[in-house]
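Asks: Take this structure first; my questions come after.
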Amino acid sequence: MKSLLQKKDNRSKKIIALIDGEHYPEVTRDAVRLLKKYFSGTFLGIIFLGGTEKLILDDLEGYFKEKVYIINDLDSDFCSALEYFRPDIAYDLSDEPVVDYRIRMKIASFCMANECSYMGPDFLFNWEKRDIKISKKTLSIIGTGKRIGKTAISSYIAKLLSGENIDISILAMGRGGPGKPQIIRGNEDITAGYLLELNKKGLHASSDYIEDALLSRVTTIGCRRCGGGFAGKIFMTNLEEGARIAEKLDSELIIIEGSGASIPGVDTDATICVIGAFQDWDRLVGYLGIYRIMLADMIILTMCEKPLTDRDKLNILESRIKKYNPHADIIRTVFRPEPLSDIKGKKIFLGMTANPRMEHDIRDHLENKYGCRIVTASFNLSKRSVLRKDLAGSPDFDMILTELKAAAVDVLTEYASINKKGIAYIDNIPVIVGKKRDFKEKLIKLIKRGENIS
């Protein structure tokens, strides 16, 4: 890290030191002096994180001859300390037991949310601007992981706002996206044959932008991405090329859809963060989920039902979210599968990526509402070899009903075509639960902040 501190382009940057009281004061003082010697820019001061084992000083500023901001509670004080100093880099000279890995990941989230890089002896979380600019109104929809319903939320929001006479397009990126950005117009007929043709061309026919187009019926632009860092940074993407295409469309609003926990590098007007209510809080903290929460203007919790979670866990999750982002609206949702074709009276092979614990509820919903009979429910849509075994071992069926994800085309749609079975696709509709049912009004208010959308 010495070479990074000594970089010439740091001359215009400002740094602070994070210290604790577990080091003997003289040791910490010498380390701060060495940091100032190495760093080619401006040293602003010190954030004291706590710990008193070896701290025998009452006047830290007098001892270090530097400004010192004392943290009493990390969650409530650290961001205030960053606002006080406004550094470009926070360099961590602390250690366990004052700062363990959970706390360090919290600090990383706080730094990134305040546009500050976070560095230590063997790590660097480098904050960079999201530098892709789009002149139209933009809304980013990001998430805290995969399989939390981000694409379902994006397509639902697109349909909802289209119903308000807002012209919308979706710019999506995915791990199976095309080498050159592809456009699917909202009026295109996306049939099983259309998807199989894409598959024959070597394209991932279940990519998110295709699912968006199928479900929302708005114009979508598909891009690719590879790699995803702790803070959502991407190694490779053609998103900027896709953004230039999106800018030329007639759309008033462009929805920028993230991929997994990766965050598109587009500077957007507003952000919605999607969180699976079943996700483990320590995992969210460990993978900079707090950073994503702090970016959000609205937070949508998905799968807010038993057996995936319960009311007490949801209340705890909401209270934790509000601790780090008290201003964001929090919306609770559950998903209900809606076939895009008539399945009444059909014997169904069901293919999904949902949690198998939801099988009973999904079966009941589809059979009771749509008059079908589920003969086999496979939740192995992302496991091709197991999915093929499920097909082979299934009782006879008339139709395959599947989400447009993973192996939906190359396995299930192709199987239906070869074996003369019907094929239908699922739209997972988010249903608002709890007290906040004014979702559409909140959404419109969010996207119309200081803008020119009619």
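The values are calculated or read from the model by the stated rules, or taken from the named source; none is laboratory data. Predicted, not measured: the structure shown is a model, and the values here were computed from it. Cβ coordinates were reconstructed from backbone atoms using ideal geometry, including for glycine residues, and neighbour counts include every protein chain displayed. Note: accessible area is taken over every heavy atom of the protein model, side chains too, but ligands, DNA and RNA are not part of it. Shrake-Rupley method; radii C 1.70, N 1.55, O 1.52, S 1.80 Å.
Asks: In whole Hz, what ³J(HN,Hα) sequence does the stretch 87-94 give by Karplus (6.51, -1.76, 1.60; θ = phi - 60°), x for Gly and Pro?
Replies: x, 8, 9, 10, 9, 8, 9, 8
Asks: A further question follows. Below 8 Å, C-alpha to C-alpha, sequence gap of six or more: please give me the relative contact order for the chain in percent. Mind showing how you got there, number by number?
Replies: Numbers: 932 pairs, mean separation 64.3, N = 454.
Over the chain, the number comes to 14 percent.
Asks: Report, for the chain, the % of DSSP beta bridges that are antiparallel, rounded to 5.
Replies: On the way: 17 of 77 bridges.
That works out to approximately 20 percent antiparallel.
Asks: Rank these by accessible area, largest first, 1.4 Å probe: Ile107, Ile418. Mind dumping the intermediate values first?
Replies: On the way: Ile107 0, Ile418 120 Å².
The ordering from most to least exposed comes out as Ile418, Ile107.
Asks: Check the cysteines of the chain one by one and keep only those with no other cysteine Cβ under 4.7 Å from their own.
Replies: Flagged as lacking a Cys partner: Cys79, Cys223, Cys226, Cys273, Cys304, Cys372.
Asks: How high is the relative contact order of the stretch 366-407, in percent, counting Cα pairs under 8 Å that sit 6 or more residues apart?
Replies: RCO, the stretch 366-407: 40 percent.
Asks: With r as the distance between the Cβ atoms of Tyr63 and Arg11 and R0 = 30 Å, compute the FRET efficiency 1/(1 + (r/R0)^6) and round to 0.05.
Replies: E(calc), rounded to 0.05, equals 0.60.
Asks: Now for a separate question. Excluding Pro307 itself, calculate the net charge of residues whose Cβ lies under 12 Å from the Cβ of Pro307, where each Lys or Arg counts +1 and each Asp or Glu counts -1.
Replies: Computed value for this residue: -1.
Asks: Continuing with the same structure: With a 10 Å radius around each residue's Cβ, average the other Cβ atoms per peptide and rank 421-427, 203-209, 303-309, 66-72, highest first. Mind showing how you got there, number by number?
Replies: Details: 421-427: 21.4, 203-209: 25.0, 303-309: 18.0, 66-72: 15.7.
Result, highest mean Cβ count within 10 Å first: 203-209, 421-427, 303-309, 66-72.
Asks: Here's another thing I want to ask about it. List the residues whose amide H sits under 5 Å from the amide H of Gly177, counting only those 5 or more places along or on another chain, with H placed 1.01 Å from N in the peptide plane.
Replies: Amide H neighbours of Gly177: Arg225.
Asks: Turning to a different aspect of this structure: Amide H of Ile400 versus every other amide H placed in the peptide plane: which residues, excluding those fewer than 5 positions away on the same chain, fall under 5 Å?
Replies: Under 5 Å from the amide H of Ile400: Phe349, Gly422, Ile423, Ala424.
Asks: Let me ask another. Taking Lys448 as the anchor, which aspartates and glutamates have their alpha carbon closer than 15 Å to its alpha carbon, excluding any fewer than eight residues away along the same chain?
Replies: Glu164, Asp167, Glu252, Asp269, Asp297
Asks: Give Lys323/Lys383; Lys369/Lys421; Lys106/Lys137; Lys159/Lys248; Lys129/Lys435 a once-over and call out the pairs whose C-alpha atoms are over 29 Å from each other.
Replies: Too far apart for the 29 Å limit: Lys323/Lys383; Lys106/Lys137; Lys129/Lys435.
Asks: At 0.36 nm per residue, and after removing the present C-alpha to C-alpha distance, how many nm does the segment from Arg357 to Asp312 gain when stretched out fully?
Replies: Details: separation 45, 0.36 × 45 = 16.20 nm, distance 1.92 nm.
Full-extension gain reported as 14.3 nm.
Asks: Would you compute, from DSSP H runs of 4+ residues alone, the mean residue ellipticity of the chain at 222 nm, taking -39500 (n - 2.57) per run and dividing by the full residue count, rounded to the nearest 500? Before the final figure, lay out each step's value.
Replies: Values: 16 runs with 150 residues, N = 454.
Using -39500 (n - 2.57) per qualifying helix, the result is -9500 deg cm²/dmol.
Asks: Moving to a separate point now. Using amide H atoms built 1.01 Å from N in the peptide plane, name the residues 5+ places from Gly143, or on other chains, whose amide H lies under 5 Å from its own.
Replies: Val274
Asks: Next question. Students often check this: by mean Cβ neighbours within 10 Å, which of 144-154, 88-98 ranks highest, and how do the rest follow?
Replies: So the order, starting with the most tightly packed, is 144-154, 88-98.
Asks: Ordered by packing density, taken as the mean number of other Cβ atoms within 10 Å over each peptide's residues, highest first, how do 79-86, 126-133 rank?
Replies: 79-86, 126-133
Asks: Something else now. Could you tell me whether the stretch 343-401 comes out rounded, prolate or oblate from its Cα gyration tensor? Rule is a ≥ b ≥ c as square roots of the eigenvalues, rounded for a/c under 1.5, then prolate if a/b exceeds b/c, otherwise oblate.
Replies: oblate
Asks: Excluding same-chain residues fewer than 8 positions from Lys389, which aspartates and glutamates have a Cα within less than 19 Å of its Cα?
Replies: In chain and number order, the partners are Glu359, Asp398, Glu403, Asp410, Glu414.
Asks: Provide the per-residue ³J(HN,Hα) series for the stretch 276-291, in order, calculated from phi with Karplus coefficients 6.51, -1.76, 1.60 and θ = phi - 60°, each as a whole number of Hz, with x at glycine and proline positions.
Replies: For the stretch 276-291, the Karplus-derived couplings read x, 4, 7, 5, 6, 4, 4, 5, 4, 4, x, 10, 6, x, 4, 4 Hz, x marking Gly and Pro.
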